[in-house]
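Contents: one structure, followed by commentary.
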Amino acid sequence: MTFREGRVGNPKVTELKWRDAPLASVRTPKGKLRLTLGLGSGLSRRDSDPPGIVWAIGDRGPNLKIKTAMKTYGLDHLAPLAERDGAKVLPLPDFQPCLAQLRAGKKRMHLERIVPLEGPDGPLSGRAPAGSAEAAMEPIFDLAGRVLPSDPAGVDTEGVAAAPDGTFWVCEEYGPSLMQVGPEGAVLRRWTPEGHTLAGAQALLPAAAQRRRLNRGFEGLAVSGDGAAIYAVFQSGFEGEAHETTAIWKLDAVSGALLATYDYPFDAPDSFTADAAADSVEGKDLKVCDLSWVAPHRLLVLERVSLSARIYAVDVAAPGRLAKTLVFSTDDHPEIAPDLEGVSMLSDRQLLLATDNDFGTEGAETRFYRVTFDAPL
């Protein structure tokens, strides 16, 4: 791994006040299951956005492991499902994944509007397509324990990139696929890997995308300043490969053609000392959670386990193995909560970071942090 220190001065971290928007409150034997909107999976902004405006995306929607539903909420009638490998309960089966327009103020974050995602046949859902590996890995049930139907066009959204033409690129893990989304949430185009047939989609992406590890598909996106190229990162390395690197693809934003492939090297697992102290950390635990465009040929990469996260700058002028420059580490800022998933530039000297709240299923709140540097990034 090629790594060098590149932190810019002593960055100032400011937590911005925020309260998650409520989705639903469900009565259970052990109190209310309070579900809130999840927005921390990915962040992005375009240069033409007004100051402070950031776009966010959450994932497929609230879900609970069976044993968690029983222990935390007393849903003991789900006991017959407890031994089903991977089984999940979806408290809101028809939840519609969405974008959100946010505004970072001086002291707090503001929710400006929500943009639900719509496919050609109506609202998208977070239920996996029938016959997919994800559907087999995680059979889904409602709160009563009934089997839920699959969704042929279902999405597990993870990353967003705001394009200069006013549209968005969104990545999701089921296909895995990339979607170009209009300003009001309509899916304009959807690209899947070669050999993956999906009604209304084009199988333009390299077939290698289907070798992603389950639940570790496309995780973050960035769009070049001119909108001509998309950068898509896989959360982890492909199935059957070593856990030392993951792939970043550069794709033509018009044709979907693969323009370049980069190997992003992970840090040593035991270097994530906070995670290692809490539990053993292996290569399979390392992940990339988001990308952010900085300037031509320069991206930021959010790498983490759980308790510790690091932001690296990489130069993508040439394909191949990337050299990493450390920009920011939460090891130096213990005030930052675990499970960072989103990063976006706010200005040439400021970043916005966001955690994932898992839709409040276990009481977590989204946390937002503004990081201000002494010099341009």
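Listed by first and then second residue, the pairs with beta-carbon distance under 8 Å, at least 6 apart or on different chains, first residue in the range 23-47 and of a type in the set (Val, Ile, Thr) and at pLDDT 95 or above, second part of a strand (DSSP E or B) and buried (at least 19 other Cβ atoms within 10 Å of the Cβ), are VAL26/LEU33; VAL26/LEU35. So which residues in the range 23-48 are hydroxyl-bearing (Ser, Thr, Tyr) and assigned to a strand (DSSP E or B)? The answer is SER25, THR28, THR36, SER44.
When you scan the range 313-326, do you find a residue that is closer than 25 Å to LEU102 by Cβ and either free of Cβ contacts under 8 Å to residues at least 40 places away in the same chain or of a type outside the set (Phe, Trp, Tyr) (or both), even just one? Scanning the range 313-326, I find at least one residue that is closer than 25 Å to LEU102 by Cβ and either free of Cβ contacts under 8 Å to residues at least 40 places away in the same chain or of a type outside the set (Phe, Trp, Tyr) (or both), so the answer is yes. Per the listing ALA153, ALA201, the residue uniquely open to solvent by 20 Å² or more (accessible area, probe 1.4 Å), modelled with pLDDT under 95 and closer than 17 Å to ALA257 by Cβ is ALA201.
Results for (1) touching a residue at least 60 places away in the same chain (Cβ under 8 Å); (2) out of contact with any Gly (no Cβ under 8 Å at 6 or more places or on another chain); (3) outside any loop (DSSP other than H, G, I, E, B), shown as yes or no for each residue.
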site	(1), (2), (3)
LEU78	yes, no, yes
GLY86	no, yes, no
MET109	yes, yes, yes
GLU112	no, yes, yes
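Screening ASP165 with (1) farther than 24 Å from ASP358 by Cβ; (2) acidic (Asp, Glu); (3) at pLDDT below 95 gives one miss only, at (3). Within the set ALA133, ALA128, the sole residue that is open to solvent by 20 Å² or more (accessible area, probe 1.4 Å) and of a type outside the set (Ser, Thr, Tyr) turns out to be ALA133. Among residues of the range 150-165 being assigned to a strand (DSSP E or B) and of a type in the set (A, V, I, L, M), the one that is nearest to LEU198 (Cα to Cα) is VAL160. Scanning the range 205-256 for residues that are in contact (Cβ under 8 Å) with a residue 40 or more places away in the chain, open to solvent by less than 50 Å² (accessible area, probe 1.4 Å), of a type in the set (Gly, Ala, Ser) and farther than 15 Å from SER292 by Cβ returns GLY217, GLY227, SER236, ALA253, GLY256.
The values are calculated or read from the model by the stated rules, or taken from the named source; none is laboratory data. This is a predicted model, so every value here is computed, not measured. Here the Cβ is made from the backbone with ideal geometry for all residues, glycine too, and neighbour counts use every protein chain on show. Side chains are part of the model used for accessible areas, which takes the heavy atoms of the whole protein and leaves out ligands, DNA and RNA. Shrake-Rupley method; radii C 1.70, N 1.55, O 1.52, S 1.80 Å.
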